[in-house]
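See below for the structure under consideration.
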Amino acid sequence: MRKYILADNQELTRLALESLLQRDEGYTIYRAYDRAGLVALLKEHQSAVVILDYTLFDFSDEDQLLIIAERFNISEWILISDDLTPQFIRRVVYSSHQFSVVFKDGPLSEIREALNSVNRHTRFLSQRALETIITQQHEEEAPSVLTTTEMEIVKAIAQGKTTKEIAAERFSSIHTVTTHRKNIFRKLGINTAHEAVRYALRAGLVDPSEFYI
């Protein structure tokens, strides 16, 4: 008998999924409302199919999700959400073949196909999920181009200047410089000023002779 764990705290979605599953014979549906409840059910039903809206559950990050999936490695998962970040999709898909991905605003046929796929023990990725992964990969492979202003701010950061000092030198507001910093970090895919300078140096975006790191 196939066992499903519905881990979706959106009632309309739960009802719709239950309606889809009821068309098949030989199944049992369990409901989880938080991470602890999900783990408890997986302990009892380790080969269950988990249908999860990750964004509505109490996971602090994708690491917690991947740890649980690895712990119950014969379980299969269908991630179904309104929105998932490209980074999240790519990481879970590349980390484990247990995960299928569909979106709530996608066609009903994709949800049906995902259910059919996991029953055949194969993974299903919706068209949108595939396009998201491909787009993310292309963006990572493409060189990040900083504007002239962003290059100047990277240089100032490398010289140890604060946001306030950079703003004063450029006759700009602190808010404007902060926005530039955020854009630089986003383009370079990093989180700290030190990483920004190191990345710029490695990529040849700045002259190493000008900096002291």
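The values are calculated or read from the model by the stated rules, or taken from the named source; none is laboratory data. As the structure is a computational prediction, the values presented were derived from the model and not from experiment. Note: ideal-geometry Cβ built from the backbone for every residue, glycine included; neighbour counts use all protein chains shown. Protein only, heavy atoms only, side chains kept; ligands, DNA and RNA dropped before computing areas. Shrake-Rupley method; radii C 1.70, N 1.55, O 1.52, S 1.80 Å.
Pulled fully out, how much extra length does the chain show between residue 40 and residue 85, if you take 0.36 nm times their separation in residues and subtract their Cα-Cα distance?
Working: separation 45, 0.36 × 45 = 16.20 nm, distance 2.75 nm.
Result for the pair: 13.4 nm of gain on full extension.
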Set of lysines near residue 164 by C-alpha distance (under 26 Å), chain-local residues within fewer than 8 positions excluded: 155, 182, 187
Accessible-area composition of the chain, carbon plus sulfur, in percent [1.4 Å probe]: 50
When the chain is reduced to its Cα atoms, the Kirkwood hydrodynamic radius in Å: 20.0
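Name the trypsin sites (Lys or Arg not before Pro) in region 1-97 that are in a loop by DSSP and that have at most 15 other C-beta atoms within 10 Å, would you?
Counting only loop positions with at most 15 other Cβ atoms within 10 Å, the trypsin sites (Lys or Arg not before Pro) in region 1-97 are 23.
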Relative contact order %, region 1-147, counting alpha carbon pairs below 8 Å whose residues are six or more apart: 19
Shape box of region 105-200 [Cα atoms, principal axes, largest first, Å]: 62, 25, 19
Inter-site label distance for residue 120 and residue 178 at 7 Å from Cα along Cβ, in nm: 5.3
Convex hull volume per residue for region 1-102, taking Cα atoms only, in Å³: 90
Efficiency of FRET from Cβ geometry, residue 185 and residue 131, R₀ 22 Å, rounded to 0.05: 0.30
Å² per residue, accessible surface of the chain at 1.4 Å: 56
Residue among 97, 180, 121 with the largest mean-square fluctuation in a Gaussian network model of the chain, springs linking Cα atoms under 10 Å: 180
Low-density loop positions, GluC sites (Glu not before Pro), region 1-89 - DSSP coil, at most 16 other Cβ in 10 Å: 25
